[in-house]
Amino acid sequence: MKYIQNRKRPTVRIETITVCGGGNAAHAMIPIIRNHFFGKINLFLPFGDEANHFQKLIDEKKYLTATIGEKEIDGRPDKVSKFAKDVCKEADLILMPLPAFAHEQTLLQIVPFLKEEAIIGAIPARSGFEYAALKILKDNKKKKVKIFGMQTLPWACRIKEYASKVNIMGKKRSVGMAAFPHKITPELASFLSRIFDLKIEPLPNMLTLTLANVGQIIHPGIMYGLFKGNEQVTYQKETIPLFYQGVTKEIAKTLKEMSDEILILTEKIKALNKNVNLDYVLGLKDWLIYSYEDLIADKSSLQACFVTNSAYQGLSAPVKKENDYFLPDFQARYLTEDVPYGLVVTKAIAQLAKVGMPLIDEVILTVSQWIGKEWIKEGYLEGKDIKNTRIPQNYDINNLEEIIVY
Ligand code: NAD
């Protein structure tokens, strides 16, 4: 079956899928898609020497094997290249399972070769993906290309051996997805559900992805709670704190307050425009229960939802080794991805909606000092590093009306 299913007629025909990048997520995705899609799978690897390296190893090993519990599934891409012209020209669907800071540079390489009606999506989208993607498409006169984003990566996964073995440790119950134009969302969601073998929930708009990007609360919020005022702490291997299970009552209070600030922004946007559907922007505790349901032993409080969630079991805080001890790693993705491609974008929308976010401001300011960036200056997003974030204002979007359209 090579088509997105529609009872009347398929409107989007998908015969070739190109996956971008060679990280954990791309490794997991290839065997999963291979087992649920009979078309062609290409792999675009522009980063460093990855294409040569991957090609050489896959030729030796023949297959990439994903281990999911007791099950093993195999798959390999049909074609691998460092160059977009080799692997993107024929693609009907392009998947970008990449860190958010790689989205724009990847899109810029692909865009000259995109088919007129291709679909391109970021998994996960993080926040503001649509502003960057639609600007690049417009600048390159590819206005018919459609975009989508997923709320999170469906799997927790790690490469065990490059181009050969990947471990899939966990799979979400369902994952939200929004596309633009919105009308393709239901068909695309059902196609993605099939090739990923998991329920993909259609979301009404891409603004939902930005506001309901829970990573922007959880990751910087826990880092703030663990290390604010405690930046110089050192650990031995056995004393490194647990990340999610290290959530104290006080950290849970910080997370709830950050979540509440985003819900206040959501309500304000809804009040300004009654037609915008933001019903899927949930409070943090509700989202945890919705996403992990059976994996949470005690749902009585937000703190309990973290510490008794078996999906989070044993995961440590990010640290870096120095001599014979460990220090907090302030260059971890939890900060370098989730703040400029998450919290700062949400703060930018709050600025347009004239909604204050005192605690989120404080978290952004603290993190920016840790990682040596200046995003907020005198209360406004006017710091020197703001140009390297994905705020809508960087793409000439300066009013809420336009944001609501996507
Ligand atoms: P990863 O670190 O394994 O991805 C690295 C790959 O991304 C590289 O191999 C390269 O192919 C590509 N890349 C990196 N920098 C690049 C650049 N500057 N230009 C072009 N390509 C570049 O990441 P991952 O674990 O696969 O995660 C992908 C996304 O999914 C991230 O947003 C991550 O936060 C999210 N995520 C991952 C997991 C997980 O379990 N792996 C879970 C939840 C969310």
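Please turn the phi angles of the range 242-253 into ³J(HN,Hα) values with the Karplus equation 6.51 cos²θ - 1.76 cosθ + 1.60 (θ = phi - 60°), one per residue in order, whole Hz, x for glycine and proline.
After applying 6.51 cos²θ - 1.76 cosθ + 1.60, I find 6, 7, 6, 6, x, 5, 8, 4, 5, 5, 4, 5 Hz.
So what is the relative contact order of the range 102-227, in percent, for Cα pairs below 8 Å that sit 6 or more residues apart?
22 percent
Using DSSP to call loops (not H, G, I, E or B), can you name the trypsin sites (Lys or Arg not before Pro) in the range 134-178 whose Cβ has at most 15 other Cβ atoms within 10 angstrom?
LYS141, LYS143, LYS144, ARG173
Roughly how far apart, in whole Å, are the Cα centres of the range 346-406 and the range 148-201?
Comparing the Cα centres of the range 346-406 and the range 148-201, I get a distance of 28 Å.
In percent, what relative contact order does the chain have, based on Cα pairs under 8 Å that are 6 or more apart in sequence?
Relative contact order, the chain: 14 percent.
Lysine pairs in the range 249-296 with alpha-carbon atoms under 26 Å apart, 8 or more places apart or on different chains: how many are there?
11
So who's got an amide H within less than 5 Å of the one on ILE120, skipping anything under 5 residues away but keeping other chains? H placed 1.01 Å off N, in plane.
Answer set, sorted by chain and number: ILE94, LYS146, ILE147, PHE148.
Set the Förster distance to 35 Å, then compute FRET efficiency between ASP294 and ASP396 from the Cβ-Cβ distance, nearest 0.05.
Taking R0 as 35 Å, the efficiency between ASP294 and ASP396 is 0.20.
Among ASN277, ASN309, ASN52, which one moves the most in a GNM of the chain with springs linking Cα atoms closer than 10 Å?
ASN52
DSSP loop trypsin sites (Lys or Arg not before Pro) in the range 341-398 with at most 12 other Cβ atoms within 10 Å of their Cβ, which ones?
Listed in order of number, the matching sites are LYS354, LYS384.
How far, in nm, would the chain grow between GLN369 and ASP139 when pulled straight, counting 0.36 nm per residue and subtracting the alpha carbon separation?
Gain in length upon complete extension: 79.3 nm.
Can you list the residues, at least 5 places off or on another chain, whose amide H is less than 5 Å from the amide H of VAL319, using H built in the peptide plane?
Long-range HN contacts for VAL319: ASP329.
Need one number: nm distance between label points at LYS160 and ASP286, each 7 Å from Cα along Cα→Cβ, rounded to one decimal.
Result for the modelled spin labels: 4.0 nm.
Quickly estimate the mean residue ellipticity at 222 nm for the chain, helices only: each DSSP H run with n ≥ 4 gives -39500 (n - 2.57), and the total goes over all residues, rounded to 500.
-11000 deg cm²/dmol
Bear in mind these aren't lab numbers, they're just calculated from the coordinates by the rules spelled out. No experiment lies behind these values; they were computed from the predicted model shown. Ideal geometry is used to build each Cβ from the backbone, glycine not excepted, and the neighbour counts take in all protein chains shown.
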